[in-house]
1. For q = 0.10, 0.13, 0.19 Å⁻¹, what log10 I(q)/I(0) does the stretch 1-89 give under the Debye formula with an equal point scatterer on each alpha carbon and no solvent?
2. Using the number of other C-beta atoms within 10 angstrom as an exposure proxy, rank K193, K98 with the fewest first.
3. Taking a temperature of 37 °C and a viscosity of 0.692 mPa s, what whole-number D in µm²/s does Stokes-Einstein yield for the chain with Rh from Kirkwood over alpha carbon pairs?
4. Roughly how many nanometres apart are two label points built 7 Å out from the Cα toward the Cβ at S18 and Q56?
5. Total Lys pairs in the stretch 9-202 closer than 17 Å by alpha-carbon, pairs eight or more apart in sequence or interchain only?
6. Which ordering of C22, C113 is given by a fewest-first count of other beta-carbon atoms within 10 Å?
7. Where Rh denotes the Kirkwood radius from the mean inverse Cα pair distance, what is Rg over Rh for the stretch 105-185?
8. Tally the DSSP beta bridges in the stretch 9-202 and give the antiparallel ones as a percent, rounded to 5.
Amino acid sequence: MDDPIPTTLKGLVDAETSCRRCPLYRDATQVVPGEGPRRARMLLVGEQPGDQEDRQGRPFVGPAGRVLDRALAEAGIDRQTVFVTNAVKHFKFEQRGKRRLHKKPNAHEIERCHWWLDIEKAIVRPPVIVALGATAARSLMGRPVTLAKLRGAPVAAPDGSRVVVTIHPSYLLRIRAAEDKAREYAGFLADLKLGARLLADAA
Ligand code: SF4
């Protein structure tokens, strides 16, 4: 018989800890569950944990998390009031010497881990969801998407939830040219401000 579906965040963490729905649990240090208040009004969904997140067991605590923190603060969103999670809850990487290089999760892994994202949404019931990057958007929309086509206005997910689509903050870390970086950061900030406006409207 299937295990019961968790109805609390504690129960969800316990269930995710023993998840074997895809092979990614085998090489990761630990599962990285979503984090935030049960009644958070905004759900932020990234791609997967990075190296630091995998070691610490918490989402968005590495370099991309610092970019996110700065942008959230500038958009007037208190990180303590949002629920932060990932489309895929285990770190996928390739070992190169001592380094662990990020590898993008595939369609199967995203689809299998979507189970947990759905449960997070059911428990937290946020009025606004922000997809950080293509993997998160794909998971939430249930199909591959082109980010640029979905940015600038909220889109409806198949379950009716409102989703703001933007880039993943790690993308900003990879841009070398200062001018390009500043332009992309401004776009990221504009997307987060759109999320903040939707929150204000939903209040
Ligand atoms: S990545 Fe998701 S589906 Fe795969 S084992 Fe981890 S928690 Fe389970």
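1. So the normalised log intensities work out to -0.27, -0.45, -0.91.
2. On the way: K193 16, K98 5.
Final ranking by Cβ density, sparse to dense: K98, K193.
3. Values: Rh = 17.1 Å.
The diffusion coefficient I find is 192 µm²/s.
4. Calculated label separation equals 2.9 nm.
5. Summing the qualifying lysine pairs gives 7.
6. On the way: C22 20, C113 24.
So the residues, fewest neighbours to most, are C22, C113.
7. On the way: Rg = 13.8 Å, Rh = 13.7 Å.
Here the Rg-to-Rh quotient is 1.01.
8. Details: 7 of 20 bridges.
Just about 35 percent of them are antiparallel.
Read the figures in this text as sums done on the coordinates, not as results from a lab. Computed from a predicted structure; not experimentally measured. Virtual Cβ from ideal backbone geometry, glycine too; neighbours counted across all protein chains shown.
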